[in-house]
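Before any comments, here is the structure.
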Amino acid sequence: MGKTFYGVDLPNPLMLGTAQYPSPAILEEAFRASGAGVATVSLRREGAGGAGQTFWQMISDLGVHVLPNTAGCHTVKEAVTTAHMAREVFDTKWIKLELIGHTDSLQPDVFQLVEAARILSEDGFEVFPYTTEDLIVGERLLEAGCEVLMPWGAPIGSGRGLNNTYALRAMRAEFPEVPLVVDAGIGLPSHAAAAMELGFDAVLLNTAVAKAGDPVMMAKAMMGAVAAGQMACDADPIEALDMAEASTPVIGKAFLT
Amino acid sequence: MKIVLNGEARDVVAKDMAALLEECGFSGRVATSLNEAFVPAGLRAVQTLADGDRVEVVAPMQGG
């Protein structure tokens, strides 16, 4: 049974970014081919040519849920202002809250994240916080009003997969009722499947699809992977053992030695 | 009036945010800020500008 995201039932557990594709046409095809139900977007300075309006039209035509981000923000003030601008432009209360704390790893600054999440939640936003796998930070974000948590799998764009499956599993166990999304670090469909097998409710990825040699095929592969992982989780997988356990019955084996 | 628009120095005749957007050819879905504070669309017409103001005009863009 899938959880809702601020009351919204998503058609599937894949959230797909819209950046870095070879062309807008390939971006559009990747979305349509995969069936991803959520598109992350951003706000940037508008040029004289009105590039933003063309992009907006294409995203609107996809008919997906739009999740604007505060990518690149390093302070609470900057993130809160960006969120207000995003709410007006994209006409949604959803905000993917990113507060970047470290230049190389793009690790979230969780202290500012909690503060910004509280300000925005009190102002009616529905916050999707990009966070670490820290349980205490997760608790603080929930207290601040968040109803979704999005821990990183690995640093943004790194494609390393799930760096800390132990902590992600602990997070799932600690917050059984909270929609959890692995956001960032996915490189391969197997990484996305692994996140779903852990019991996560969705996976958010961008670079793994956009920078693949064939983004459309990779988008489809990712959708297949999250579907398989989710089904596997629902099917209650077996525990791993250290030693072999014969699967073929021993009883009735012919005596031939 | 000399202002800074999206990081570039500009000399404009507009005296408020709404007029500025029109003068500079912005239309459609944009959001605005003045001196790092959000200016909602409904307040642009009454948001006056002063010399040295820093204005940002942003629009939908690709993001992860």
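What follows is calculated from the coordinates using simple rules that are stated; it is not laboratory data. Bear in mind that the values here come from a model prediction, so they are computed numbers and not experimental data. Cβ coordinates were reconstructed from backbone atoms using ideal geometry, including for glycine residues, and neighbour counts include every protein chain displayed.
Can you give me the distance in nm between label points at B:ARG54 and A:GLU245, each placed 7 Å from the Cα along the Cα-to-Cβ direction?
6.3
Amide H to amide H, which residues 5 or more places from A:LEU97 or on other chains are under 5 Å from it, using H placed in the peptide plane?
So A:LEU97 has HN proximity to A:PHE128, A:TYR130.
Angle, helix A:76-90 long axis vs. longest principal axis of chain A, Cα atoms, 0 to 90°, nearest 10?
90
Once you have the Kirkwood Rh of the protein assembly as shown from its Cα pairs, apply Stokes-Einstein at 4 °C and 1.567 mPa s and quote D in µm²/s.
62
Among A:LYS77, A:LYS93, A:LYS220, which one moves the most in a GNM of chain A with springs linking Cα atoms closer than 10 Å?
Result: A:LYS77 has the largest fluctuation of those listed.
Based on DSSP loop calls and a cut-off of at most 11 other Cβ atoms within 10 Å, the longest stretch of chain A free of exposed GluC sites (Glu not before Pro) is what?
Values: sites that count: A:GLU177, A:GLU239, A:GLU245.
Formally, the longest exposed-site-free interval is A:1-176.
Only counting other Cβ atoms within 10 Å, I'd like A:LEU142, A:LEU168 sorted with the fewest neighbours first.
A:LEU142, A:LEU168
With N set to the number of residues, divide the alpha-carbon radius of gyration of the stretch A:1-127 by 2.2 N^0.38 Å and report two decimals. Provide the component values of the computation, followed by the final result.
Values: Rg = 15.1 Å, N = 127, 2.2 N^0.38 = 13.9 Å.
Cα-based Rg divided by the globular estimate yields 1.09.
Please report, to two decimal places, log10 I(q)/I(0) for the stretch A:72-156 at q = 0.12, 0.13 Å⁻¹ as given by the Debye formula with identical point scatterers on the Cα atoms and no solvent.
Evaluating at q = 0.12, 0.13 Å⁻¹ gives log10 I(q)/I(0) of -0.29, -0.35.
Report the Stokes-Einstein translational diffusion coefficient (µm² s⁻¹, integer) for the stretch A:197-251, Rh taken as the Kirkwood radius over Cα pairs, at 37 °C with viscosity 0.692 mPa s.
235
Hey, fewest Cβ within 10 Å first, where do A:CYS233, A:CYS146 land in order?
Lowest to highest Cβ neighbour count: A:CYS233, A:CYS146.
Each residue of the stretch A:33-47 in turn: what ³J(HN,Hα) in whole Hz from Karplus with 6.51, -1.76, 1.60 and θ = phi - 60°, glycine and Pro shown as x?
Per-residue couplings from phi come out as 5, 7, x, 3, x, 10, 10, 7, 9, 9, 10, 9, 4, 7, x Hz.
With r defined as the distance between the Cβ atoms of A:ASP104 and B:ASN6 and R0 fixed at 25 Å, what FRET efficiency is calculated, to the nearest 0.05?
Efficiency for this residue pair is about 0.35.
By how many nm would the segment from A:ALA170 to A:ALA25 grow when fully extended, if each residue of separation counts as 0.36 nm and the alpha-carbon distance is taken off?
48.2 nm
Each label point is 7 Å from the Cα along the Cα-to-Cβ direction; what then is the distance between the points at A:MET217 and B:GLU22, in nm?
The modelled label-to-label distance comes out at 5.4 nm.
Give me A:THR75, A:THR82 sorted ascending by neighbouring Cβ count inside 10 Å, so fewest comes first.
A:THR75, A:THR82
Could you list log10 I(q)/I(0) for the stretch A:92-131 at q = 0.15, 0.26 Å⁻¹, which the Debye formula gives when each Cα is one point scatterer?
For the stretch A:92-131 at q = 0.15, 0.26 Å⁻¹, log10 I(q)/I(0) is -0.33, -0.80.
Would you mind computing, in nm to one decimal, how far apart the modelled labels at A:SER190 and A:TYR6 are, each placed 7 Å from Cα along Cα→Cβ?
3.6
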